[in-house]
Amino acid sequence: MRERIKVFPGLTVLILITVILLAGCNNQVVSNPGEKDAGEDEGEREVVGVRSAEGDPVIGLSLSGGGGLGIAHIGVLEVFIENEIPIDIITGTSAGALVGALYADGLSIGEMKDILEGLSWADLLETVVPDLGFFGTGAMQEILEKNIRASTFSDLALPLAVVATNLDDGEEVVLDQGPLAQAVVASAAIPVVFKPVEYEDMMLVDGGLVNNLPSDRAREMGADIVIAVNLAVNFRFEGRPEGLIDTGIRSYNILQKSHSKPVDADLEIHPDLGGITGTDLSLYPEIIDRGREAAERVLPDIKELLEKKARSD
């Protein structure tokens, strides 16, 4: 399903985001992201967590965009796995699409942390001749392909849908079939910073422009209960920004917040990431911990929600 949206006049905002990512290139962590061992088994993966039993409510998890702050999704997933909270469907935008794809492919939380430990912004930015964007998405796609086994959505162990924006007509595009890595990268391709991704006959960029938290899509895929991880609570506007980086972050957050869609979820999780920016990936342990804390706070509510729904059915 596609929905018409207004074209945003925020070109200046997006150029400022380029400054953010260029500044992040100086924050090197480890130069080589995790790669598969040459002799690693390429067989099918299974979801690390649990899925609902036959006849139980279908649980959908929706993960929002949020740049580097999207690492908090890993902490939420870790709590779900530890407490055997079922996940049957995942939808995601941008960073949420990336984390959702890793989980749907069967990566463990430990494997996700290993990828982050060897990652810097410089690893994600492919140098190209500036055209429709300052950087290519090839490096990001290569990292994703090295760490997942699924080539297409149908290869995944868990149903996944990711959201991107079609620059040709300004419409939301929901991708749930075809080449996986290319679709996920398209969902995370910040316009102007990254070149648009040509996918079939479309020119796609970051889905955060049209639907930063695609909880409605989880419902459409058949979820009886939708749990959403919403990072928009961290789009705070207190005091004046300091410097270009803070100005760029705040401007983009205002753009996203002002065009956010109503959240169609039975329960929302709001990680508190105050004081953390998404430009320093070396802070990933703390960001994951914040995600864990947020999930643990609502864990009793999640269990009660699942029990009520099961009884009502």
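Both the radius of gyration and Dmax for the range 139-184 are 11.5, 33 Å, in that order, over alpha-carbon atoms. Share of carbon and sulfur in the accessible area of the range 151-196 stands at 46%, probe radius 1.4 Å. From the Cα gyration tensor of the range 124-216, with a ≥ b ≥ c the square roots of its eigenvalues, which class applies: rounded if a/c is under 1.5, or else prolate if a/b is larger than b/c, or else oblate? Oblate, because a/c is 1.5 or more while a/b does not exceed b/c. Each part gets one Cα centre, and for the range 80-122 versus the range 155-216 those centres are 17 Å apart. Once backbone amide H atoms are built at 1.01 Å from N, V128 has G136 as its partners under 5 Å, excluding neighbours fewer than 5 places away on the same chain.
The overall shape of the range 37-153, judged from the alpha-carbon gyration tensor, is prolate: a/c is not under 1.5, and a/b is greater than b/c.
The values are calculated or read from the model by the stated rules, or taken from the named source; none is laboratory data. Quantities reported herein were computed from a predicted structural model and do not represent experimental measurements. For the accessible areas, the whole protein counts, side chains as well, though only heavy atoms, and no ligand, DNA or RNA atoms are used. Shrake-Rupley method; radii C 1.70, N 1.55, O 1.52, S 1.80 Å.
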